[in-house]
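Novice: Questions regarding the structure given below will be posed in turn.
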Amino acid sequence: DGGITQSPKYLFRKEGQNVTLSCEQNLNHDAMYWYRQDPGQGLRLIYYSQIVNDFQKGDIAEGYSVSREKKESFPLTVTSAQKNPTAFYLCASSAETGPTLGRPQHFGDGTRLSIL
Amino acid sequence: SQKIEQNSEALNIQEGKTATLTCNYTNYSPAYLQWYRQDPGRGPVFLLLIRENEKEKRKERLKVTFDTTLKQSLFHITASQPADSATYLCALPPPPGYSNASKIIFGSGTRLSIRP
């Protein structure tokens with residue numbers, strides 16, 4: 001079955017540590033996204049990528065970094081510069097490229113990151 | 001700035017009744033609006049898209065309306081079942097000039113509980 005796989009499901013970060021969240025898709029989608037979800041808030045966009053080797057900052061990119069070396073993979077690194085990293089992180093992909101067409105986003109089941 | 005409001009954080013209704021969730025937005029007219037379902041600890045799942053030139057869209061027991069005059073979308077679940085209990089999110093594209101980053105903006109969601 002096609003879909004998006006995020007790992008790990010739970011992750012703990014120590015003070016001053018960088019951690020990397022994995023996101024893999026086999027939907028052959030060009031566009032991939034990382035969101036952060038906090039209780040009672042909507043999803044906030046961290047980074048997105050419309051094509052391999054290219055990505056753009058979202059609304060809350062500070063303290064995060066990404067890479068897009070392969071179409072299938074879009075890992076997110078939460079750096080020590082992110083002072084409030086505790087949240088539910090969601091990766092998504094869509095077939096949408098170019099002008100906005102309203103194509104749905106397909107989400108993974110998230111990684112819950114906590115501070116030790 | 002663009003704002004999305006979903007009615008109440010939580011909605012509790014009796015099984016068999018129709019659940020109606022509201023999504024209000026301000027400041028511009030989006031080309032489309034999407035609805036997603038999110039279960040606890042899972043990623044959102046796309047349900048329906050409605051475009052600005054469509055008044056109503058149906059899918060099985062789901063019905064979505066889009067009133068561009070009221071700047072509102074209503075999401076109905078008829079003959080509701082306990083299995084419909086979840087958080088429902090609306091999402092729409094950002095207005096021109098709002099943000100170059102956000103591809104779509106998500107509301108914070110309404111948590112729907114269907115009691116037997």
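Novice: Looking at A:Leu113, is it within 18 Å of A:Lys14 (Cβ to Cβ), within 14 Å of another protein chain (Cβ to nearest Cβ) and outside any loop (DSSP other than H, G, I, E, B)?
Specialist: yes
Novice: Given the residues A:Ile51, A:Ile60, which is the only one that is free of Cβ contacts under 8 Å to residues at least 60 places away in the same chain and either over 27 Å from B:Arg51 (Cα atoms) or under 13 Å from the mean Cα position of the chain (by Cα) (or both)?
Specialist: The unique qualifying residue is A:Ile60.
Novice: Oh, and also: Out of A:Leu11, A:Leu90, I need the residue that is in a strand (DSSP E or B) and more than 25 Å from B:Gly107 (Cα to Cα). Which one?
Specialist: A:Leu11
Novice: Which number in (1) within 14 Å of chain B (Cβ to nearest Cβ); (2) assigned to a strand (DSSP E or B) marks the one condition that A:Arg103 misses?
Specialist: (2)
Novice: Picking from B:Phe75, B:Phe66, which residue would you name as being more than 14 Å from every other protein chain (Cβ to nearest Cβ) and outside any loop (DSSP other than H, G, I, E, B)?
Specialist: Only one candidate passes the filter, namely B:Phe75.
Novice: Name, by its number, the condition in (1) surrounded by 19 or more Cβ atoms within 10 Å (Cβ to Cβ); (2) within 14 Å of chain A (Cβ to nearest Cβ); (3) among the hydrophobic types (A, V, I, L, M, F, W, C); (4) within 21 Å of A:Gln37 (Cβ to Cβ) that does not hold for B:Leu112.
Specialist: (2)
Novice: Considering only the stretch B:1-50, how many residues are crowded, with 18+ Cβ neighbours inside 10 Å, at pLDDT 95 or above and assigned to a loop (DSSP other than H, G, I, E, B)?
Specialist: Going through the stretch B:1-50 one residue at a time, the tally reaches 2.
Novice: Can you find even one residue in the stretch A:6-17 that is within 10 Å of another protein chain (Cβ to nearest Cβ), touching a residue at least 12 places away in the same chain (Cβ under 8 Å) and either buried (at least 20 other Cβ atoms within 10 Å of the Cβ) or among the polar types (S, T, N, Q) (or both)?
Specialist: Scanning the stretch A:6-17, I find at least one residue that is within 10 Å of another protein chain (Cβ to nearest Cβ), touching a residue at least 12 places away in the same chain (Cβ under 8 Å) and either buried (at least 20 other Cβ atoms within 10 Å of the Cβ) or among the polar types (S, T, N, Q) (or both), so the answer is yes.
Novice: Looking at (1) more than 22 Å from B:Gln38 (Cα to Cα); (2) facing chain B (nearest Cβ under 8 Å); (3) not aromatic (Phe, Trp, Tyr), can you tell me which one A:Val66 breaks?
Specialist: Only one criterion in (1) more than 22 Å from B:Gln38 (Cα to Cα); (2) facing chain B (nearest Cβ under 8 Å); (3) not aromatic (Phe, Trp, Tyr) is unmet by A:Val66, namely (2).
Novice: Further, regarding this structure: Any chance the stretch B:48-62 includes a residue that's more than 12 Å from chain A (Cβ to nearest Cβ), among the aliphatic types (A, V, I, L, M) and farther than 19 Å from A:Arg36 by Cβ?
Specialist: yes
The values are calculated or read from the model by the stated rules, or taken from the named source; none is laboratory data. Quantities reported herein were computed from a predicted structural model and do not represent experimental measurements. All Cβ positions, even for glycine, are placed from backbone atoms using ideal geometry, and neighbour counts span all protein chains on display.
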